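J.: Quick one: the structure is below, questions incoming.
Values quoted throughout were computed directly from the atomic coordinates according to the rules given, and no laboratory measurement underlies them. Just so we're clear, the structure is a prediction, and the values are computed from it rather than from any experiment. Glycine also receives a Cβ, built like all others from the backbone with ideal geometry; neighbour counts cover every protein chain displayed.
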Amino acid sequence: MTAPPPAAAAPAAAFSAMDLCPQIQSAIAALGYKAPTPVQQKVIPLALQGRDVAAKARTGSGKSAAYLIPMLNYFLLHARGEHDASGPRGLILVPTTELADQVAAMVKGFCKYSQRMGVVNLCTKSNMVQQQQALSQGVELVITTPARILKPLPNLAADYLHALKFLVVDEADLLLSFGYQDDLRALMAHLPAASSYQTLLMSATLEKRVSDFASKLLVQPVYVDMTGAEGKHANLTQYVIPVAGNDGDKEKFLLLYFILKLRLIRGKIIVFVNNIDRCFRVRLFLEQFAIKSVVLNSELPLNSRQHIVAEFNKGTYDILIATDEGGKGDLAETLLEDEDEESSDEAVPGEGKEEGNDAADSDADIKGFADSDDDEEELKGFDESDTESSKPDDAAAAHDHPPSTNDADEADLVPVADIPEESMDIIATPASTSRRGARRQDQEYGVSRGIDFHHVTAVINFDFPATAQSYTHRVGRTARGGRKGMALSLVLSDPTARVMSVKPKDRIDEHAVFQRVAAAQKASGMPITPFVLNRAQVDAFRYRMNDALRAVTGAAVQEARIAELKREVLRSEKLKAHFEDHAADLAMLRHDKPIAPARVQPHLKNTPAYLLPSGVKEVKVSAVPFHKHGNRDNKRKRKTFGGGPGAGSKKRRKDPLKGLKL
């Protein structure tokens, strides 16, 4: 905040050794935190000293707690004065609504034994009026995305954020990239001088270019790079299956069917795809074989996404098919990679980095703020030389990706009259079903970054990500909290291969991206090894895969998307009052029949015994009869006379004709 102390704080091996108030210590114990993680050992003492910190640590290493503990500790030890400004003393910026909800839940846990602390999460579904009232009443902490905080600020005092003591930028490499810079520049106009508040930047992948913009937020920061101290990720095993041929996409469906049906991977699984159509196509394909799954994408309302994540964490679903089409971040990361490659190609031999540097640092995707042999170093004089030259690129990216707003997108709506305005985003229909062709998707959706899915056994990259950063964050959904996990990637070897539900301009050269990722992982001591399968056994399932794919047509995919949105409309709490007044609209939605549903083929549900490899038992999927336990005994009782004990011992009535005497 002000001038830093002469020496950095030493790492603390236990929470009890940290200078934390009793309320925070009790909450840490109640949450089950036994010992601080390596990044918490380094960051928390530095933050308690008042230092600006930029931390880089792997996914699932406890970065959120590393910035929440010192910030909340400060709020509890330094009560707000009567004459202090009413604005928030803490501002946490996150890229997605899902991450905002997770951070808000963690704040609630750490404040368990403290007095009621005013916390506002602007990423909830409350309307603007409610948010405005909450902010004006005085709060300690605001959790938001950059675009969300900009909406109420014009209606608040000009110095509303001048009481700020902590600014946290979570997933800093994404928020400080091209797609979010316009929002951040507008926000910085409302912030006080950087020397008056403490800044904490956190991410698993910090880019070198990030420092150009971050220099305006940081004052003599300490850079903590835990990638070397943490060592290789021993709990994460990474596999790859190369898929060759022009029909490689069909091969992906075959491999996914073979692996899931035979349960070669067991437990909770997240399957990542690159767009919404692919998400529903995979789900409909798996349904042909009675493999149950649930989809998660930006087209679903926020409440539904929160419910799906909660149910997956509770174990209601075992397979989650998630889209990773965040939008801004992918473009920004791709541009960064391309520019880094061009700069490396044009570099003069003998200049630049020394040959003795770590091989992992040679990959621009894995590189941090600056090269250093130490885990910590002061960031002195951020390089501003590229700032001017990058302005055209920034403007072009901003033109293609304007600041995210939830009310800026147009959508085709289900034809019902007088629907409340705040409920309009719930009933948007897919673009291909209308002439306008505009999809209403949440631009602040994202599950590959920061979200803590519980007990995930494996991550399957059905579609390989566009960048190495995305790969790092995807596989980071497993092997968290000391548990073991695996990542399996299906990679197309042919860049010209036909991919279903993907336009030619949106295709990704998966093989080229995988080569960069594999080189970086190998350099860090975590090689990606081949996942060996018996190809003859896989080919035996091919005809069943073809039968299933023929049933999953493009029209069936669109019908599935519409059906999913209709279900959300019928479940909506906000629309209950509307449907009570307009019964005809409710009847229309309930009785609207699909035009081209996916054809169900019962013979695909069970796998014939002759197809199963030796040692694999056949698992039959059959309908469960709707009978209560013990019905069979009741039927037996009904056959007896009276149903009581001894009723079956009564003698039968004699035939009167047999006893007739002439």
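J.: What distance in nm separates the simple spin-label points at Q537 and L153, each placed 7 Å from Cα in the Cβ direction?
T.: Label-label distance for Q537 and L153, simple model: 5.8 nm.
J.: Right, something else. Describe numerically, in nm with one decimal, the distance between label points set 7 Å from Cα along Cα→Cβ at H162 and at K654.
T.: Using points 7 Å along Cα→Cβ, the separation is 11.4 nm.
J.: Quick one: L91, L68, fewest Cβ neighbours within 10 Å first, how do they rank?
T.: L91, L68
J.: Oh, and also: Amide H of V240 versus every other amide H placed in the peptide plane: which residues, excluding those fewer than 5 positions away on the same chain, fall under 5 Å?
T.: Placed amide hydrogens put S489, T529, F531 under 5 Å from V240.
J.: Also: Ranking M18, M202, M588 by Cβ neighbours within 10 Å, fewest first, what do you get?
T.: Ascending Cβ contact count within 10 Å gives the list M588, M18, M202.
J.: What is the spin-label model distance, in nm, from R507 to Q133 if the labels are put 7 Å beyond Cα along the C-beta direction?
T.: So the label points at R507 and Q133 sit 5.5 nm apart.
J.: Now a separate question. Can you check what the Kirkwood hydrodynamic radius comes to for region 15-230, Cα pairs only, in Å to one decimal?
T.: Evaluated over region 15-230, this radius sits at 17.5 Å.
J.: Nearest 20 debye, what's the magnitude of the dipole of region 15-230 about its Cα centre given +1 on Lys and Arg Cβ and -1 on Asp and Glu Cβ?
T.: For this selection, approximately 280 debye.
J.: At a Förster distance of 56 Å, what's the computed FRET efficiency of C21 paired with K522, Cβ-Cβ distance as r, to 0.05?
T.: It comes to 0.80.
J.: Also, quick follow-up: Counting only residues 5 or more places away or on other chains, whose amide H sits under 5 Å from the amide H of V224 once H atoms are built in the peptide plane?
T.: Those lying under 5 Å, H to H, from V224 are A54, A55, K56.
J.: Let me ask something else about it. Residue by residue, what Karplus-based ³J(HN,Hα) values in Hz, rounded to whole numbers, does region 191-201 have, using 6.51, -1.76 and 1.60 with θ = phi - 60° and x for Gly and Pro?
T.: 8, x, 4, 4, 6, 8, 9, 9, 10, 10, 10
J.: Answer with one residue from L76, L175, A204: the one whose Cα lies farthest towards the positive end of the charge dipole of region 15-230, charges on Cβ with Lys, Arg +1 and Asp, Glu -1.
T.: The residue sitting farthest along the positive end of the dipole is L76.
J.: Could you run the Karplus curve 6.51 cos²θ - 1.76 cosθ + 1.60 with θ = phi - 60° over region 18-33 and give me ³J(HN,Hα) per residue in whole Hz, x for Gly and Pro?
T.: 8, 7, 10, 6, x, 4, 5, 4, 5, 5, 4, 5, 5, 7, x, 6
J.: Could you please rank R535, R58, R516, R571, placing first whichever residue has the fewest other Cβ atoms within 10 Å of its Cβ?
T.: If I rank by nearby Cβ atoms, fewest first, I get R535, R571, R516, R58.
J.: In the structure displayed, which of K108/K314; K112/K165; K56/K112 lie more than 25 Å apart, Cα to Cα?
T.: Those over the limit are K56/K112.
J.: Can you list residues from other chains, or at least 5 along the same chain, whose modelled amide H is less than 5 Å from the amide H of I319?
T.: Residues meeting the amide H criterion: I269, V294.
J.: OK, next. If you add up the charges near M500, with Lys and Arg at +1 and Asp and Glu at -1, over every other residue whose beta carbon is less than 14 angstrom from its beta carbon, what do you get?
T.: +3
J.: For the peptides 29-36, 129-136, 94-101, what is the packing order when you average, over each peptide's residues, the other Cβ atoms within 10 Å and list the highest mean first?
T.: Result, highest mean first: 94-101, 129-136, 29-36.
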